[in-house]
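**Q** Supplied in structure tokens, the structure appears directly below.
The values are calculated or read from the model by the stated rules, or taken from the named source; none is laboratory data. Worth saying up front: this structure is predicted, and the values here are computed from it rather than measured. In this analysis, Cβ positions are derived from the backbone assuming ideal geometry, glycine residues included, and neighbour counts consider all displayed protein chains. Side chains included, ligands, DNA and RNA excluded: accessible areas come from the protein's heavy atoms. Shrake-Rupley method; radii C 1.70, N 1.55, O 1.52, S 1.80 Å.
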Amino acid sequence: MENKNNTTLSEQKTESPKEDSLLPIVEKGLFFHDSYFEDIRKHFETAIDQILDTWGEATSVSDIMSSYRRIRERNLQQENQVMAFSEDDQNHKVVLDVHDFKSGDVKVRVEDNEVVVEGRVEKKEDDFKSMKSFCRRFNFPGKVNMEAVTSAMSSDGVLTVTAPKIPQAA
């Protein structure tokens with residue numbers, strides 16, 4: 001009986017840090033129009049192009065997102081979820097398409113030295129109910145200030161996670 005109580009206590013301890021580590025997601029404008037995303041945009045477009053090439057999807061420069069969204073509608077697999085990385089002197093950034101989960105629940109949290117992004121959405125149609133979800137984990141190279149990680153989402157469902165680097169002593 002004492003063992004059972006210890007298990008319950010340890011379960012409670014492991015659950016509460018996860019809730020405490022949830023990051024707020026700041027809402028921004030459209031990904032291709034909001035200047036907040038300007039530095040990561042090129043990396044995101046390159047990742048979209050790779051998916052479109054894999055699927056043999058023809059694109060026009062003006063309609064790259066529509067072509068990509070058609071692929072996601074046909075095949076909602078993790079390997080078709082656009083994700084890109086960039087880094088500069090101050091930050092590491094991850095940009096991830098979460099458009100398909102925007103109407104549901106998207107969470108970003110820090111666990112130890114990892115950033116975890118999860119999405120979940122349920123749909124009901126008549127008697128049919130479906131649920132989609134994903135979970136992505138990121139480790140950043142070098143020293144990163146995990147307490148200063150931030151996240152922002154464009155109004156069209158593109159999530160950007162920024163992890164500030166810790167400056168190296170000279």
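**Q** Going through segment 107-138 one residue at a time, which ones are within 22 Å of T150 (Cβ to Cβ) and small (G, A, S)?
**A** Residue satisfying the conditions is G119 alone.
**Q** Limited to segment 108-143, what total is found for residues that are of a type outside the set (A, V, I, L, M), open to solvent by less than 40 Å² (accessible area, probe 1.4 Å) and under 12 Å from the mean Cα position of the chain (by Cα)?
**A** Selection size over segment 108-143: 5.
**Q** Please specify each residue of segment 77-89 satisfying the condition of being surrounded by 10 or more Cβ atoms within 10 Å (Cβ to Cβ) and more than 15 Å from the chain's Cα centre (by Cα).
**A** E87
**Q** Would you please name the residue that is farthest from H99 (Cα to Cα), looking only at residues in segment 42-57 that are out of contact with any helix residue (DSSP H, G or I) (no Cβ under 7 Å at 6 or more places or on another chain) and open to solvent by less than 80 Å² (accessible area, probe 1.4 Å)?
**A** Step one: list which residues in segment 42-57 are out of contact with any helix residue (DSSP H, G or I) (no Cβ under 7 Å at 6 or more places or on another chain), which gives 42-44, 46-47, 49-50, 53-54, 56.
Then keep just the ones that are open to solvent by less than 80 Å² (accessible area, probe 1.4 Å); that gives 43-44, 46-47, 49, 56.
Values: H43: 17, F44: 14, T46: 18, A47: 15, D49: 17, G56: 22 Å.
By that ranking, first place goes to G56.
**Q** Test each condition in (1) touching a Gly at 6+ places or on another chain (Cβ under 8 Å); (2) free of Cβ contacts under 8 Å to residues at least 12 places away in the same chain for V121 and report the one that comes out false.
**A** (2)
**Q** Let me ask you something else. Report the residue count in segment 145-170 for those that are farther than 21 Å from H99 by Cα and either free of Cβ contacts under 8 Å to residues at least 40 places away in the same chain or crowded, with 19+ Cβ neighbours inside 10 Å (or both). Outline the logic, then answer.
**A** Our first condition is that a residue be farther than 21 Å from H99 by Cα; within segment 145-170, this holds for 145-149, 163-170.
Of the ones still in play, those that are also either free of Cβ contacts under 8 Å to residues at least 40 places away in the same chain or crowded, with 19+ Cβ neighbours inside 10 Å (or both) are 145-149, 163, 166-170.
Total meeting the criteria: 11.
**Q** A follow-up question, please. Given the conditions (1) open to solvent by less than 40 Å² (accessible area, probe 1.4 Å); (2) more than 19 Å from E38 (Cα to Cα); (3) among the acidic types (D, E), which single one is not true for D105?
**A** The number of the failed condition is (1).
**Q** Also: From V108, V144, grab the single residue that is more than 19 Å from L76 (Cβ to Cβ), in contact with a Pro (Cβ under 8 Å, 6 or more places away or on another chain) and among the hydrophobic types (A, V, I, L, M, F, W, C). Even if it seems obvious, please write down each step before you answer.
**A** On the way: V108 fails: in contact with a Pro (Cβ under 8 Å, 6 or more places away or on another chain).
Answer to the check: V144.
**Q** I'd like to verify a number: residues in segment 29-41 that are over 12 Å from K93 (Cβ atoms) and either in contact with a His (Cβ under 6 Å, 6 or more places away or on another chain) or open to solvent by 70 Å² or more (accessible area, probe 1.4 Å) (or both), how many?
**A** Within segment 29-41, the first condition is being over 12 Å from K93 (Cβ atoms), and the residues that meet it are 29-35.
Of the ones still in play, those that are also either in contact with a His (Cβ under 6 Å, 6 or more places away or on another chain) or open to solvent by 70 Å² or more (accessible area, probe 1.4 Å) (or both) are 30, 33, 35.
Matching residues across segment 29-41 total 3.
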